[in-house]
Each structure stands twice: as structure tokens, then as C-alpha cells.
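Report on the structure given below.
Read the figures in this text as sums done on the coordinates, not as results from a lab. Keep in mind that this is a model prediction, so the values were computed, not measured. Every residue, glycine as well, gets a Cβ built from its backbone with ideal geometry; the counts of neighbours run over all protein chains shown.
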Amino acid sequence: MTSKEEIINKIAQDKIDFKTGLKLLLEDEEYNFEGLFTTLKNYIFNAIPNKTDYNSETYQKAINTIPLKPTYTPIVILKNYSTRIAFNKLLTLPKIENKKTITALLWVFKITDTERRNTECKNGCAHFWHQIE
Ligand SMILES: [Zn+2]
């Protein structure tokens, strides 16, 4: 697990405060939007329970509680397009939207991963990143 992945999982598991962790990721000198975006996207798609359309109740709850103004472009896109299309659109937004996109995705992962840990992982799982201290 890279240090970035460790930070992301610690944020999801409330071992690092959301805002503090987000700052760590965005202010990292090796910050790279596409790299971080891909990591978060893979984590989210893995954590969402329904793989046929990804439009589960948990996913809806996650995108409806993102701590950003609902009028921000990345939020509007997430709410108006199906998951895969929305993620493709997020990648093509102007650079000025990148940090909002990372904030939104980090939140969506936190919520969907927490739901998964509380349900299918509840009695133990083989996800090594769920065992971090
Ligand atoms: Zn697990």
C-alpha cells in the first residue's frame, strides 16, 4: 500500500479527520490529479455493493452528502449521470474543478467503504487495507 492509499483508507476509517486527510492528499508535493482520481475511482467501484449499475442506496447516500455546494459542477455531474458516465465526465473537466472532484470522490469512498465495513466485512474480511492500525 502506498502512503497515499494508506491516507485514503485512514480517512475512510475515521483514523484521520476528513479535512486534515484531504489537505494531506492535495498538498502533497507529488500530488497528481489523474493518479489520485484513478485510485479513488477503483476504490469506489470496488466498495459499491451493486455492480450492475452501481446506483445503490449507499452510493446515492454518498453523493447526496458530499460536503461541497450542490451547485458545483462535479456534484451536479455525479447527481445527474449514471456512475460510469459521471466518472468519465469528471476526468474531462477543466483543471480548476480538480480539487472539488477529489474532495467529492474521497467523500464517496468514505461513505461507501464505511457501509461495506459495517455490512459484508462485519464478521471479518480479507481486505488487508481494512486491517490498518
Ligand atoms: Zn473488508
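The helix-based estimate of mean residue ellipticity at 222 nm for the chain, built from -39,500 (n - 2.57) per DSSP H run of four or more residues and divided by its residue count, is -18500 deg cm²/dmol to the nearest 500.
Under a crude label model (7 Å from the Cα following the beta-carbon direction), how far is ILE85 from ILE132 in nanometres? For the pair ILE85/ILE132, the computed spacing is 3.4 nm. With each label modelled as a point 7 angstrom along the Cα→C-beta vector, the THR65-THR52 pair spans 2.6 nm. Which links in LYS41/LYS79; LYS69/LYS122; LYS15/LYS95; LYS4/LYS41; LYS89/LYS122 stretch past 25 Å when you go from one Cα to the other? From LYS41/LYS79; LYS69/LYS122; LYS15/LYS95; LYS4/LYS41; LYS89/LYS122, over 25 Å: LYS69/LYS122; LYS15/LYS95; LYS89/LYS122. In this simple spin-label model, placing a label point 7 Å from the Cα along the Cα-to-Cβ direction at both ASN123 and LEU93 gives a separation of 4.1 nm.
Assign one of three labels to the chain, namely rounded, prolate or oblate, based on the Cα gyration tensor with a ≥ b ≥ c the square roots of its eigenvalues; rounded applies when a/c is under 1.5, prolate when it is not and a/b is larger than b/c, and oblate otherwise. Oblate, since a/c reaches 1.5 and b/c is not below a/b.
Each Lys and Arg Cβ is given +1 and each Asp and Glu Cβ -1; about its Cα centre, segment 83-122 then shows a dipole of about 100 debye.
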